[in-house]
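*Asks:* The structure under discussion is supplied below as structure tokens; questions concerning it will follow.
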Amino acid sequence: MTPLFTLLILAQSPEQLRAVFPQQAALRLEGRVGDWARLPLPDAVLRQVDRDLADVRLFDAAGKLVPFVVQRERPFDAEVRVRLVQISATRKETAAEPGTPNLFEEVAIFALPAERARTPRLEFSSPISRFVRRAVIEALTEKGAVVGRIETTLFRLPGTGERMEVWMPALEKDAMRLRVTLNGQDDGFITPSAVATFAERGPPETTLEWPITQSPQREGKATVWQLEKPRGIVPMRLSVKTTTPWFNRQVTVRSPSGVLGQGRVFRQAGATPVERLELPLEAISDESLEVRIEDEDSPMLEKLELAFVIEQPELVFVTPGAQPVTLYFGGHRTRRAHFDTSDNEVRLPFNLAPAELREPQKNPEYVPTSPLAEFRKAGAALELSQFPQQAWVRGVSGTEVSSVTFTATHAQTMSPDFRDLRLVDGHGLQWPYVLRESTALLPVALTPATAAVTGHSAWTFSTGGRVESFTLIPPAGVPYFSRNATLTFAGEGLRPVQVWAGWLTSNPNERGVRTELVLSLDGKSRGAGTYTLDLDDGGDAPLADLSFEAVVKVPQLTALLAAGDYRAVWGVPSLRTPRYDVERVAEVLQELRTTPHEAERAEANPAFVAPTLLERTGGATRWIFWAVLALAVLVLGGLTVRIARADPGTPPPPG
């Protein structure tokens, strides 16, 4: 099995996950099991999902999640740009009727490179500043047979724009030449040259048109639309349709953030009609938009229709063995899926088996509230007096899933594996959670440098929590240095252990003003203790004004919380890791979108009662055990002494 297919190993998904999607649709697959397939998502789906497709999942007949990659445009492996060699050119000028421009025809033959990818993008150039030409571009074999053809219009109109780029369909291997035939009136011969960019994939996008149904208003000499952008789309261009035979209008699309697109749309009549009816748009983040067409003194365009041109996203996946495959979508309740890698890192094959979506239907398993409602319940009571540290988590709204994040400062006083962390409501009841880990930066306070031995300097510092790495930050402007270094850790009552060794090299000329040197550790839990960084200065002057940052593991809790305020408590290393029923649905819980909450600053728990010496040493039960054991030792010792003092001359009893 290749690494590409290893990426898409199917993962088991509990049934509760399907219950959060209100819609479903079966797939019609043409490929074989194990083939790559691509499913274009129609507007019936896009209208009901988030723009990042977070609320879209595929399931096979066995109930397993089918991993997929979202492909919004077809990426290119490697582009090769080649200037095409012109083999021949013929020109013909034909006199037209009196009072009309002459007709010009040019036929140019270009050689195609033998070694090339399948899809070319052709870019034409010309020394002529104004022209309009009907273009027929044909791919020819060595014997002149046509194996590919496209018709288009090339033009350059000063003050309006130009179209000099053409996408050809995928070329067959036996295509050896391109024949470009140009026809037009006036302006003379344009003498084209051509550059081709070859790639394995293309054209770069598959699009849909999303009609704008709102009615416009007249504002002075302009036609204006006030729009609310649909939730699930990412507009690329604005398309204008009209039956007006000749026009040239300025169009502006703006949002509260600024102008998103501006330019002219036009249509010109003639022997070779030319038009530009689309306006490119920048990325739209605002929901409200204004589209404005400046009519000036001209009448409003006839039978005017506007539409957003959007990328049609595709789900690319490997056809599973358990058929059929069903798409579940909508609801806006799940986070964006990530299957082992980000979408842009996956190298997809060019030939993908088509998949088609059948008619969408309501999902009979859909639960409009929470499919995990039975797990939204408090756990056992907790004795708060045993926890020395706390942090408030306020304003929990009681939405479907909540997350609570902590900082590196919180983690300093927690057990390195967070086994002592509990979430408690106002009644002293703990609430179940699923633990995830992330990282956060923690500034480290260094003691002044000391001379460990001659030619060495050392710094000591302490951190809590589980450290992943340290970053040494020399001051700005420090000159070049390269020194051998060791980092040791000494736990309470333990001998120092080396945890990192290597060279620290800083070259400001290569790395910039701010230089960062990373010391990666093994991520082991080390508890309380002190780190010592030792630099071998040799004969150089010791470094000064160094600063340190630690990358520390921090907890992130995902829970089904009721509305209210909560306290996170911790600081009892002797506690065991908690176990909750909600862990049975941890996989589903992690798929759902969460409402984030941040723990407030850490503080001392006012209810904390320090344990007595008896409690710190194990409690009364342990003391009784040791007392009984000591008494037994004394009794056995006494018996041994009595036996030893017995008369050695006394013969042993008969066997």
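Just so it is clear, none of the values below were taken in a lab; they were calculated from the coordinates. Remember, predicted model here, so these are calculated numbers, not experimental data. Don't worry about glycine lacking a Cβ; one is built from the backbone with ideal geometry, like all the others, and counts go over all protein chains shown.
*Asks:* Amide H to amide H, which residues 5 or more places from Asn363 or on other chains are under 5 Å from it, using H placed in the peptide plane?
*Replies:* Here Gln23, Gln24 satisfy the definition.
*Asks:* Same structure, new question: Averaging sequence separations of C-alpha pairs under 8 Å and six or more residues apart, then dividing by the length of the chain, give the relative contact order as a whole percent.
*Replies:* 18
*Asks:* Another question, then. Taking the mean number of other Cβ atoms within 10 Å as a proxy for protection, how do you rank 633-640, 315-322, 159-166 from highest to lowest?
*Replies:* Those peptides, ordered most packed to least, come out 315-322, 159-166, 633-640.
*Asks:* Restricting to Cα pairs below 8 Å that are 6+ residues apart, what does the relative contact order work out to for region 207-311? Please round to a whole percent.
*Replies:* Rounded, it is 44 percent for region 207-311.
*Asks:* Next question. If you bin every alpha carbon distance in region 80-199 into 5 Å steps from zero, what whole percent lands in each bin?
*Replies:* Reading the bins upward from 0: 2, 11, 21, 24, 18, 12, 7, 3, 1, 0.
*Asks:* For volume of the Cα convex hull per residue in Å³, the listed values are [x] 181; [y] 213; [z] 340; which was obtained by calculation from the structure presented?
*Replies:* Computed from the coordinates, volume of the Cα convex hull per residue in Å³ corresponds to [z].
*Asks:* Would you tally the net charge around Asp581, using a Cβ to Cβ cut-off of less than 12 Å, leaving Asp581 out, and scoring K and R as +1, D and E as -1?
*Replies:* Surrounding charge for Asp581 is +2.
*Asks:* Whose amide H sits under 5 Å from the amide H of Val234, counting only residues 5 or more places off or on another chain, with H placed in the peptide plane?
*Replies:* Result for Val234 returns Glu311.
*Asks:* Determine the dipole magnitude for the chain: charges of +1 sit on the beta-carbon of Lys and Arg, -1 on that of Asp and Glu, nothing else is charged, the reference point is the Cα centre, and the result goes in debye to the nearest 20.
*Replies:* I would put it at about 940 debye.
*Asks:* Calculate the length of the line joining the C-alpha centroid of region 182-198 to that of region 254-315, in whole Å.
*Replies:* After rounding, the separation between the Cα centres reads 28 Å.
*Asks:* Taking the Cα centre of region 207-311 as the origin and placing charges on Cβ (Lys, Arg +1; Asp, Glu -1), which of Ile212, Asn248, Val259 is farthest toward the positive end of the dipole?
*Replies:* Asn248
*Asks:* Hey, another quick one. Quick check on the chain: helices-only [θ] at 222 nm, where DSSP H runs of length 4 and up contribute -39,500 (n - 2.57) each and the sum goes over total residues. Nearest 500, please.
*Replies:* -2000 deg cm²/dmol
*Asks:* Search the structure for amide H atoms under 5 Å from the amide H of Glu400, placed 1.01 Å from N in the peptide plane, and list their residues when 5 or more places away or on another chain.
*Replies:* none
*Asks:* So for region 198-335, what are the equivalent ellipsoid semi-axes in whole Å, largest first, each being the square root of 5 times an eigenvalue of the Cα gyration tensor?
*Replies:* Those come to 34, 20, 13 Å.
*Asks:* As a quick test, which of the pairs Lys143/Lys241; Lys64/Lys377; Lys229/Lys362; Lys377/Lys553 have an alpha carbon distance above 31 angstrom in this structure?
*Replies:* Going by Cα-Cα distance, Lys143/Lys241 fall outside the 31 Å limit.
*Asks:* For every other residue with a beta carbon closer than 10 angstrom to the beta carbon of Arg149, add +1 if it is Lys or Arg and -1 if Asp or Glu, then tell me the sum.
*Replies:* Around Arg149, the charge tally is -1.
*Asks:* In whole Hz, what ³J(HN,Hα) sequence does region 430-436 give by Karplus (6.51, -1.76, 1.60; θ = phi - 60°), x for Gly and Pro?
*Replies:* 7, 10, x, 8, 10, 8, 10
*Asks:* Relative to the first principal axis of the alpha-carbon coordinates of the chain, what is the inclination of helix 619-644, with its axis defined by its Cα atoms, in degrees from 0 to 90 and to the nearest 10?
*Replies:* So the helix axis and the longest Cα principal axis differ by about 40 degrees.
*Asks:* Of Arg83, Arg267, how do they rank once you tally other Cβ atoms within 10 Å and put the fewest first?
*Replies:* Arg83, Arg267
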